[in-house]
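Some notes on the structure that comes next.
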Amino acid sequence: MLLHLLNRSVASSHVYRDALRAMDDDDYLLLIEDGVYGAVAPLNEHFSSIAGRLYALREDLASRGLEGRCAEQVIVVDMEGFVQLTEETERSVSWF
Amino acid sequence: MNNADSSTAMLVVLRHAPHGSSWLREGLDVALVGAAFGQSVSLLFLGDGVQALIKGQQKGALGQKGTHPTLDMLAMYDIDTLLVDADSLAQRGLAEDDLQLPVTLIASSQLLRVFSRHAPVFNF
Amino acid sequence: MRYALLVQGAPYSHQAAHSALRFASALIDRGHRLETVFFYHDGVYNAQRLAAPPQDEPHLIEAWQRLHHEQGTALLVCVAAALKRGVIDERESRRHGMQGHSLAASFELTGVGQLVEAAMTHDRLVTFSP
């Protein structure tokens with residue numbers, strides 16, 4: 001089981017497509033940095049195939065003015081939650 | 001997939017094209033050093049990384065080294081698992097004949113197996 | 001668990017170093033050990049001795065050094081990536097017949113083999129890229 005990290009906006013980079021293709025059925029995806037722009041509708045629709053396994057980092061949403069705009073389906077975690085995700089998964093893969 | 005038992009093999013994913021940035025060169029360096037340390041190393045060329053394999057590359061005009069000579073050295077380091085994402089190749093109008101080395105094509109549906117079967121994964 | 005971080009973004013150009021430092025303090029708060037931070041690609045600029053950020057910005061280099069002093073975290077800088085970018089310690093400076101050095105205290109130049117080893121010997125490796 002892997003944790004994938006994405007720090008690019010889906011609006012400007014196609015790297016999320018490769019990340020999604022590399023994901024197994026029980027892998028998680030955590031949006032960090034500019035990746036959190038993908039947590040807001042309608043951009044979050046690009047992640048419809050991984051519903052329930054899509055996370056976004058609260059402090060990166062907050063600093064960008066997005067905390068209240070995050071789509072309901074996205075699970076928001078703080079930095080401790082980020083660490084917990086790395087505990088639960090065997091390893092992580094960073095997409096940039 | 002030719003690497004069903006490669007769970008202890010290291011995967012280096014190369015996603016950047018030659019010359020435009022140093023990601024490809026620095027990713028290859030990690031692969032070579034890993035092999036020199038006795039690790040079994042697989043390379044996965046994904047996205048623009050497939051451009052690293054195209055035939056006919058040269059030095060840059062200012063004399064900057066390319067990465068194509070390094071690819072020819074992979075066999076010397078016993079790095080012979082060269083995986084190429086078939087979708088990335090087709091999207092760029094490339095076929096296996098256009099590549100400077102023999103490779104193993106990976107279907108899109110098999111990509112996730114490459115990631116789950118290797119540890120560690122370095123994504124460049 | 002024993003953690004290693006790989007940092008590949010230059011300080012103040014990208015968020016990578018900020019994110020890595022935030023993650024570092026969170027993992028320590030959860031009782032894990034941050035044993036190694038490896039700086040590669042433009043991440044080697046995190047080890048620049050003469051960085052002088054304005055007072056109202058976080059001082060990233062000092063934050064790395066605090067981790068080294070308080071947690072014993074090894075701050076490893078890839079020598080090949082560092083030298084060509086002008087991040088050089090006293091020994092390499094002498095060897096190249098240069099004057100002065102630019103590597104900050106608590107950081108050490110090392111081969112990329114240390115990154116491979118960190119990946120093998122630590123429980124977790126998390127990468128922060130630009």
Item checked: Under Karplus coefficients 6.51, -1.76 and 1.60, residue-wise ³J(HN,Hα) of segment A:60-67 in Hz, glycine/proline x -> 7, 5, 4, 5, 9, x, 10, 4
Margin query: I want to make sure I understand the PRE zone here: with the label point 7 angstrom from the Cα of A:Ala11 toward its beta carbon, which residues in segment A:27-52 have backbone N atoms less than 14 Å away?
Written below: A:34-46
Notebook entry, point to check: Where the centre of each part is set by its Cα atoms, how far does segment C:76-130 sit from segment B:35-91, in angstrom?
Noted result: 24 Å
Margin query: With a 1.4 Å probe, what is the total accessible area buried between chains A and B, in Å² rounded to the nearest 100?
Written below: 1300 Å²
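Highest mean first, what order results for C:124-130, B:102-108 on Cβ atoms within 10 Å?
Sorting C:124-130, B:102-108 by mean packing, highest first, produces C:124-130, B:102-108.
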Next item on the list: Can you list which of the trypsin sites (Lys or Arg not before Pro) found in segment B:1-89 are DSSP loop residues with at most 14 other C-beta atoms within 10 Å?
Entry: B:Lys55, B:Lys59, B:Lys65
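Quantify how much of the Cα-Cα distance distribution of the protein assembly as shown extends past 35 Å, in percent.
On the way: 13232 of 61075 pairs.
Percentage above 35 Å: 22.
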Checklist line | the protein assembly as shown, accessible surface, carbon-and-sulfur percent (1.4 angstrom probe) | finding: 46 percent
Checklist line | Accessible area per residue in Å² at 1.4 Å probe, computed on the protein assembly as shown | finding: 43 Å²
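Give me the net charge of C:Glu35's neighbourhood, meaning all other residues with Cβ under 12 Å from the Cβ of C:Glu35; Lys, Arg count +1, Asp, Glu -1.
Charge balance near C:Glu35 sits at +1.
What total accessible area, in Å², is buried where chains C and A meet, using a 1.4 Å probe and rounding to the nearest 100?
1600 Å²
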Check: Taking Cα atoms of segment B:10-123, Rg/Rh with Kirkwood Rh, to two decimals?
Finding: 0.94
Item checked: Pair A:Glu88, C:His69: separation of 7 Å Cα→Cβ label points (nm) -> 3.7 nm
Notebook entry, point to check: With θ set to phi - 60° and the Karplus curve 6.51 cos²θ - 1.76 cosθ + 1.60, what are the ³J(HN,Hα) couplings of segment C:14-25 in order, to the nearest whole Hz, using x for Gly and Pro?
Noted result: 9, 7, 3, 5, 4, 4, 4, 5, 5, 5, 4, 6
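Could you work out the helix-only [θ] at 222 nm for the protein assembly as shown, with each DSSP H run of four or more residues adding -39,500 (n - 2.57) and the total divided by the number of residues, to the nearest 500 deg cm²/dmol? Show your work: numbers first, answer last.
Details: 12 runs with 101 residues, N = 350.
Helix contribution divided over all residues of the protein assembly as shown: -8000 deg cm²/dmol.
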Next item on the list: Please work out how much length the chain gains when fully extended from B:Lys65 to B:Gln100, using 0.36 nm per residue of separation minus the C-alpha to C-alpha distance, in nm with one decimal.
Entry: 10.9 nm
Next item on the list: Give the peptides A:35-44, B:115-124 in descending order of average Cβ contacts within 10 Å, highest first.
Entry: B:115-124, A:35-44
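How many Cβ atoms of partner chains, on average, are near each residue of A:21-34 if near means within 10 Å of its Cβ? Don't skip to the end; give the middle numbers.
Details: counts 10, 12, 4, 5, 1, 1, 3, 0, 0, 0, 0, 6, 9, 2.
Average per residue, whole number: 4.
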Next item on the list: Would you tell me the accessible area of A:Ser49, worked out with a 1.4 angstrom probe on the heavy atoms of the protein chains, in Å² to the nearest 10?
Entry: 90 Å²
Notebook entry, point to check: At A:Asp26 and C:Arg91, where each label point lies 7 Å from the Cα along Cα→Cβ, what is the point-to-point distance in nanometres?
Noted result: 4.5 nm
Check: Per residue and in Å³, how big is the convex hull formed by the alpha-carbon atoms of segment C:2-128?
Finding: 99 Å³
Margin query: If I ignore ligands, DNA and RNA and count only protein heavy atoms, how much of A:Arg21 is accessible to a 1.4 Å probe, in Å² to the nearest 10?
Written below: 50 Å²
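From the P(r) of segment A:2-95, could you give the percentage of C-alpha pairs in the tail past 19 Å? Each step should come with its number before you reach the end.
Values: 1302 of 4371 pairs.
Of all Cα-Cα pairs in segment A:2-95, 30 percent lie more than 19 Å apart.
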Check: Could you give the nm distance between label points at A:Ala41 and B:Thr8, where each point is 7 Å from its Cα heading toward the beta carbon?
Finding: 5.1 nm
Check: With Rg and the Kirkwood Rh both taken from Cα atoms, where does Rg over Rh land for segment B:14-64?
Finding: 1.01
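Let me know the mean shielding of A:79-87 by other chains, meaning the per-residue number of their Cβ atoms within 10 Å of its Cβ.
6
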Item checked: Other-chain or far-sequence residues with amide H under 5 Å of C:Val77's (modelled H) -> C:Phe39, C:Glu108, C:Leu109, C:Thr110
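The values are calculated or read from the model by the stated rules, or taken from the named source; none is laboratory data. All of these numbers come straight from a predicted model, not from anything done at the bench. Because the Cβ atoms are built from the backbone with ideal geometry, glycine has one as well, and the counts that use them run over all protein chains shown. What goes into the accessible areas is simple: the full protein's heavy atoms, side chains included, and nothing from ligands, DNA or RNA. Shrake-Rupley method; radii C 1.70, N 1.55, O 1.52, S 1.80 Å.
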